[in-house]
Each structure stands twice: as C-alpha cells, then as structure tokens.
Amino acid sequence: MKRKIWLLPLLAVSAYLQAQTEVRLAVHKSFSLPKGLIARFERANDAKVSIIQAGGANEMLNKLILSRANPIADAVYGLDNANIGKAREMGILAAAQPGSAPVAVGLPSALAVDYGYVSINYDKKWFEGKKLPLPQTLQDLTRPEYKNLLVVPSPATSSPGLGFLMANISGMGEEGAFKWWAQMRQNGVKVAKGWSEAYYTDFSHNGGAYPLVVGYAASPAAEVYFSKGKYSEPPTGNLFLKGGVFRQVEGAAVLKGAKQPKLAAKLVQWLQSREVQQAVPSEMWVYPAVKNTRLPDVFRFAQAPTHTTAPAQRDIDANQRGWVSRWIRTVLK
C-alpha cells in the first residue's frame, strides 16, 4: 500500500515534466546564469529550458550555420557585433525578433544582452619579478624582449580573438595589422582555440608560460571576486593599447526554423529582464546591456577603457570572413 502512495506523486511529477514544452537555447562556453533563475523562467512559462553548449562563440555560429536546415536550437545567445553579420548573411536568424528593452548598446538583428571590452591582460607578479617594463604599444610586442610572451585566442573560433583582430584592423589599417601579425608570428605569439584555454591554461597567472593574454577588461575584478579574500587588489591588469581594445556587444535572437518560436521569443526577452541583467556581471564578467542596471561593488576593479577601435559595422559584415581567412594564412600556415 505504501508503495502505491509514493507512486502516485512520482507519476504526477513525471506527467508534469512530460507536459512541459522544451525550448532550446544555444550558447557559447562562457555562458553562465544561476540555475534558480532559469528554473523561475521554466515555472513561469510551463517550459523546460535545454541549454546547448556549442563551444566558442564563432564555433557555435559555425554549428548553427551547418545545422540551419534542421536547427539544433530555438534561440541563440552569444552572437556579437563581430559575427552577427555572418549570421544574417547565412540566414540563420528569424526575420522577426521580439521587442527590446531600453539598452545602452545595440546589436543589429538581435537583442543586446551584455557588453565588454576585449583587451590584453597582464600578470603583475611576472612583470615585477622580471623587471620588464610593460609594453606601451602593440608594436612593442614585436621586439625581442617580448618574444614568446603573448597568447591569443584564435579569431576563427573565439569571439574575443575576433574582436581583437577587428580592433587591430581599425587601429593599424588592414595592411598594417597583417604586417604586425606576421611580425608577431616571428616573435612567438601563441594561438589558443578559445579564451578559456588561453586564460586558464596558457596565462602565467594560472600556471602557464605566457604573461600576456588577450582577454577581457573585467577579468581583474573577477580575480578579486573568486579569490574569496586572498586579493584585495587584482593580481592582473589591463593594457589598453591603441588598436588593441574592442567593445564587444553580445546578444540573443530567435533562430529561423525554431520549433518553439513564441517560447523562444519569451526566452530571448527574458535575458534582458532585471533579474538576469543583475546576474550577468558577476556570472559572465561583462556589463549588462539594459539601461540603469546596478553593477556589483566588485566592478570597481573592472576598468573601462577611454578608447576602443573597430571598423564600421558594414565593413565588419562585408569583410569579416576574408579577414579571418587572411589571418589564418598569415599566422597559422
């Protein structure tokens, strides 16, 4: 008899879960939100959110393009101003997107969720120990004393890597940028597949061999936050070098061919909700896109650059694939 009493609630829960509508969200590997937030969205919409981790941002985009005849997701988070043009060109986005909340930064064909600054991070302890002056320009990095010191995520697979390349092209001109990259190849630049590999494996602060890494300006704040009191000041810093800082805007959009387009639209808009926007800074270490969102106190360690460089959006959209192909030929082949 007891077995039957327990069985009824279990059957009810099973039936409820089966009745929920699944909505799939494709994300890059840096996506992070508290599970409790996602659970509240699910309860409010009688839905089950399936998070599809699809690698780095550009790797994710490539997977969405290859699967566009039978989409692997209903919505996507993590497209940015460096690759949104390719997404539009390849026809993976729904023609109609939901309305956006008031935002501080915009993103064409998508709802802006967050933004951050791609820059070079440096290991303070390493430079102090070597008594090596910090480079003052990107050209300094081609000098012999800075040989084998920089690791970068590949622009072919990584959104910060692509953003950094866009900043280079804008700051130095296309020919100047690729000349610099050819010099950096000779000076021992290391190329990692993505930001996580570059930062957590190759960066000297985390036990690697490279004291310079292309990352995010908010990373020093994250170091303080996750140290749980070990650091009162960041152990890493930012180099805001001319032609080496890019403002990256990330967003979300409903995918063309979504199985659940209405629910996908609600999910995309939810990413601009107050509760999600307030969680974004200390979960993904970027700035919330929606206006008047309060930042956590630790963001006082997140420096904002006074200048960024980027080609015009139309030039990025028209030339991004060609620039990446040229970068591969210049640096990797």
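The values are calculated or read from the model by the stated rules, or taken from the named source; none is laboratory data. Remember, predicted model here, so these are calculated numbers, not experimental data. When we count neighbours, we look across all protein chains shown, and the Cβ atoms used for this are built from the backbone with ideal geometry, even at glycine. For the accessible areas, the whole protein counts, side chains as well, though only heavy atoms, and no ligand, DNA or RNA atoms are used. Shrake-Rupley method; radii C 1.70, N 1.55, O 1.52, S 1.80 Å.
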For the chain, what does the relative contact order come out to in percent, with C-alpha contacts under 8 Å and a separation of six or more? 27
On average, how much accessible surface per residue is there in the chain, in Å², for a 1.4 Å probe, leaving out ligands, DNA and RNA? 47
Provide, for q = 0.15, 0.19 Å⁻¹, the log10 of I(q)/I(0) from a solvent-free Debye sum over equal Cα point scatterers in the range 173-212. -0.44, -0.62
Only Lys, Arg, Asp and Glu count, each charged at its Cβ (+1, +1, -1, -1), so figure out the dipole size of the chain about its Cα centre, rounded to 20 debye. 760
For the range 265-333, convex hull of alpha carbons as volume per residue, Å³: 189
√(5λ) per eigenvalue of the Cα gyration tensor, the range 51-147, largest first, Å: 38, 17, 13
Stokes-Einstein D for the range 251-292 at 4 °C, 1.567 mPa s, Kirkwood Rh over Cα pairs, in µm²/s? 115
Ignoring ligands, DNA and RNA, please state the percent of accessible area on the chain from carbon and sulfur, probe 1.4 Å. 53
In order through the range 97-106: 3J(HN,Hα) via Karplus (6.51 cos²θ - 1.76 cosθ + 1.60), integer Hz, x for Gly, Pro: 10, x, x, 9, 6, x, 10, 7, 9, x
Sparse-neighbour loop sites [trypsin sites (Lys or Arg not before Pro); the range 158-235; at most 14 other C-beta within 10 Å; DSSP]: Lys228, Lys230
Mind grabbing the base-10 log of I(q)/I(0) for the chain at q = 0.09, 0.12 Å⁻¹? Debye formula, identical points on the C-alpha positions, no solvent, two decimal places. -0.50, -0.84
Within the range 269-302, trypsin sites (Lys or Arg not before Pro) in DSSP loop having at most 11 other beta-carbon neighbours inside 10 Å: Lys291, Arg294
Over the chain, with a Gaussian network built from C-alpha contacts below 10 Å, which listed residue (Ala94, Ala218, Ala110) shows the highest mean-square fluctuation? Ala94
